[in-house]
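Q: Let me begin by handing over the structure; questions about it come next.
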Amino acid sequence: MRDAKYDILFEPLAIGPHVAKNRFYQVPHCNGGGYRDPSAAAAMRGIKSEGGWGVIFTEQTEMHHTSEITPFIELRLWEDKDIPGLRRMSDAMKVHGALAGIQLAYSGINGPNFYTKEVPLAPSALPIRTFTNDPVQARALDRSDIRDLRRWFVNAAKRSRVAGFDLICLYGAHGFGIFQHFLSRATNQRTDEYGGSLENRSRFAREVVADIRDAVGDTTAITMRVSLDETIGELGFSNAEVREFVEMNADCPTSGTSRTAPGRTVPAPRASRKKARRSCWSRASGNSPRNPSSASAASPRRT
Ligand SMILES: Cc1cc2nc3c(=O)[nH]c(=O)nc-3n(C[C@H](O)[C@H](O)[C@H](O)COP(=O)(O)O)c2cc1C
């Protein structure tokens, strides 16, 4: 018999258009298998499902070939032919009723690209930050690169939906992930509309969330993992700035107020219970829900 104070952990929770059966939320976490051992990685997530988790995530999934975090082995979603392997993983996650989540990562200043030899792209032209101090330099994204990057995130989100995932997590934590690289003054030294003030440094995150919401938000929950503090004081992203960032996007992650599960109303997370304001997180009015099958019409090329 468990202590009643833990009962809430076993209650359902609305996340975007989905309802998690409980609050046991397995955050994204690598296991070393990645694209190299897809069957083993899928089986491992299946065991989490058997164990009763409400939400199960992949590890970081490299979403475009222009950014990879070699020598580490992660998942990849570079093109349509990566979908079946990930479908196997989402199927395994769902066997016992968990929601399936995928974390989309663009490694930017953390991606040395040893495998593809592509020139890494990052908010500013700085040395790549790897664990092995490799002498690789990133090129700063220009406006046209940023438009491309936004489109690549949309393509990856559509492919994630075809691969059967209910939730997308945009990676911007632990020093990894382009969202943190834009948000942090340590890696964003731009002087255009994507640099300087917090509002400017947040612009890329807001744009990508809005793009993805327009593309798949009717069927897929959108989340973002952000570091709470870079612990380098004024040189980086402080806890005060994180709080401001969250406040600026107070109706994140969903503009919904509550969801109804069979026989009950399921609360949405606290932030989304605030009065819904029109923002990047809300789908633009006038967009009709898209036919999920339209995503499978994505170009088979790497886009
Ligand atoms: C080997 C390893 C791989 C990880 N991979 C990821 C990842 O791909 N994405 C992510 O958001 N966090 C990743 N993390 C961070 C974990 O999700 C988690 O936050 C961390 O292990 C701390 O656990 P805690 O949050 O329960 O304190 C990783 C951590 C470790 C140790």
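Throughout, read-outs are computed from the coordinates displayed, never taken from laboratory work. Everything numeric here is computed off the predicted structure, so don't read it as measured data. Note that we place each Cβ from the backbone using ideal geometry, even for glycine, and neighbour counts take in every protein chain shown.
Q: What number of residues within the range 167-194 satisfy the criterion of being more than 14 Å from G236 (Cβ to Cβ), away from the ligand (no atom under 16 Å from the Cβ) and touching a Pro at 6+ places or on another chain (Cβ under 8 Å)?
A: 2
Q: Mind listing whichever residues of the range 125-166 are within 16 Å of the ligand (Cβ to nearest atom) and within 13 Å of the chain's Cα centre (by Cα)?
A: Within the range 125-166, A156, S160, F165 meet the criteria.
Q: Another one. Tell me the strands (runs of 3 or more DSSP E) entirely within the range 1-74 that contain at least 2 residues that are away from the ligand (no atom under 13 Å from the Cβ).
A: Values: elements: 13-15, 18-20, 55-62.
Result: 13-15, 18-20.
Q: Please go through the range 149-196 and pick out each residue that is in a loop (DSSP other than H, G, I, E, B), among the charged types (D, E, K, R) and in contact (Cβ under 8 Å) with a residue 12 or more places away in the chain. Walk me through how you get there before you give the answer.
A: So in the range 149-196, the residues in a loop (DSSP other than H, G, I, E, B) come out as 163-166, 173-177, 184-196.
This time we only want the ones that are among the charged types (D, E, K, R), so: 166, 185, 190, 192-193.
If the condition is that a residue be in a loop (DSSP other than H, G, I, E, B), among the charged types (D, E, K, R) and in contact (Cβ under 8 Å) with a residue 12 or more places away in the chain, then D166, R185, R190, D192 are the ones that fit.
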